[in-house]
Amino acid sequence: MKLLRLSVLTVLLLQLYGCAVLLVGGAATSGYIVAQDRRTAGTMLNDQRIEVRIKDYLTQDKEMLEATHLKVRSYNGIVLLAGETTRADYAQRLNDYAKAETHVREVRNELQIGEPSEMAYRRNDVALTSRVRSRLFSDGDVRSAAVKVTVSQGTVYLMGLVTRDEADLAVETVRQVEGVQRIVRIFEFVKGD
């Protein structure tokens, strides 16, 4: 939660100061990602707010929280709900809440009905996320900062504002990463730069 708040603060500061001078180290990397992102700073902030609000909604219901492992991502007003929950009505409630959020244009509900994943699976997802991001970043032909990666039980969800060529290249790059079981494209397409 602290990291999310720090990210929101970073976007706010960038918006307030017009992306002035970037700091060295982590902030420079963040600045690079923000500079490569095709969303406006306001849209990035809205996406972060959407994610926080949906997570907060889940934490307000202790029973639903204990029965759910949720990964929520928002990109340009498109919300991805991934993970597992024990009850279909929980998945529907999260879906309905997300749809009602301000600035949400679409919800992709990929929640699986079943027991929340065990920690070992979650660690595998974290490791796979790292490998996918590294591969996208190291491939000079892929505009990696324009692609948001989420992994749940070996399924890689790719979101972003990309050209069709960038999308195809990103998918082909991700296919080469060991451990990827499935790729779901949730891209919006823009004309080539």
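Taking Ala98, is it under 25 Å from Ala146 (Cβ atoms) and not in a strand (DSSP E or B)? It is true that Ala98 is under 25 Å from Ala146 (Cβ atoms) and not in a strand (DSSP E or B). Take Thr59 and decide whether it is more than 27 Å from Gly154 (Cα to Cα), modelled with pLDDT of 95 or more and not small (Gly, Ala, Ser). For Thr59, the condition - more than 27 Å from Gly154 (Cα to Cα), modelled with pLDDT of 95 or more and not small (Gly, Ala, Ser) - is not met.
Could you tell me whether any residue of the stretch 48-65 is touching a residue at least 60 places away in the same chain (Cβ under 8 Å) and of a type in the set (D, E, K, R)? So far as the stretch 48-65 goes, no, none of its residues is touching a residue at least 60 places away in the same chain (Cβ under 8 Å) and of a type in the set (D, E, K, R). Can you confirm whether Arg93 is free of Cβ contacts under 8 Å to residues at least 24 places away in the same chain and assigned to a helix (DSSP H, G or I)? Considered against the rule, which asks whether it is free of Cβ contacts under 8 Å to residues at least 24 places away in the same chain and assigned to a helix (DSSP H, G or I), Arg93 comes out as no.
Restricting the stretch 80-106 to residues that are loosely packed, with under 13 Cβ neighbours inside 10 Å and among the hydrophobic types (A, V, I, L, M, F, W, C), the residue that is farthest from Leu65 (Cα to Cα) is Ala100. When Asp141 is tested against (1) in contact with a Leu (Cβ under 8 Å, 6 or more places away or on another chain); (2) acidic (Asp, Glu); (3) at pLDDT 95 or above; (4) more than 26 Å from Ala67 (Cα to Cα), only condition (3) is not met. Looking across Ser138, Ser144, Ser152, one residue alone is small (Gly, Ala, Ser) and within 28 Å of Asp96 (Cα to Cα). It is Ser152. The single condition from (1) in contact with a helix residue (DSSP H, G or I) (Cβ under 8 Å, 6 or more places away or on another chain); (2) without any contact (Cβ under 8 Å) to a residue 60 or more places away in the chain; (3) buried (at least 17 other Cβ atoms within 10 Å of the Cβ) that Asp141 fails is (3).
Conditions tested, residue by residue: (1) free of Cβ contacts under 8 Å to residues at least 60 places away in the same chain; (2) part of a loop (DSSP other than H, G, I, E, B); (3) basic (Lys, Arg); (4) crowded, with 18+ Cβ neighbours inside 10 Å.
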site: Arg108; (1), (2), (3), (4): no, no, yes, no
site: Arg122; (1), (2), (3), (4): yes, no, yes, no
site: Val126; (1), (2), (3), (4): yes, no, no, no
site: Arg133; (1), (2), (3), (4): yes, no, yes, no
site: Thr150; (1), (2), (3), (4): no, no, no, yes
site: Glu172; (1), (2), (3), (4): yes, no, no, no
site: Val180; (1), (2), (3), (4): yes, yes, no, no
site: Arg185; (1), (2), (3), (4): yes, no, yes, no
site: Gly192; (1), (2), (3), (4): yes, yes, no, no
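Of the conditions (1) modelled with pLDDT under 95; (2) surrounded by fewer than 17 Cβ atoms within 10 Å (Cβ to Cβ); (3) over 16 Å from Leu161 (Cα atoms), Val11 satisfies every one except a single condition; which number is it? Val11 satisfies all of (1) modelled with pLDDT under 95; (2) surrounded by fewer than 17 Cβ atoms within 10 Å (Cβ to Cβ); (3) over 16 Å from Leu161 (Cα atoms) except (2).
The values are calculated or read from the model by the stated rules, or taken from the named source; none is laboratory data. Because the structure is a prediction, the values reported are computed rather than measured. Reconstructed Cβ throughout: ideal geometry from the backbone, glycine too, with neighbour counts over all protein chains shown.
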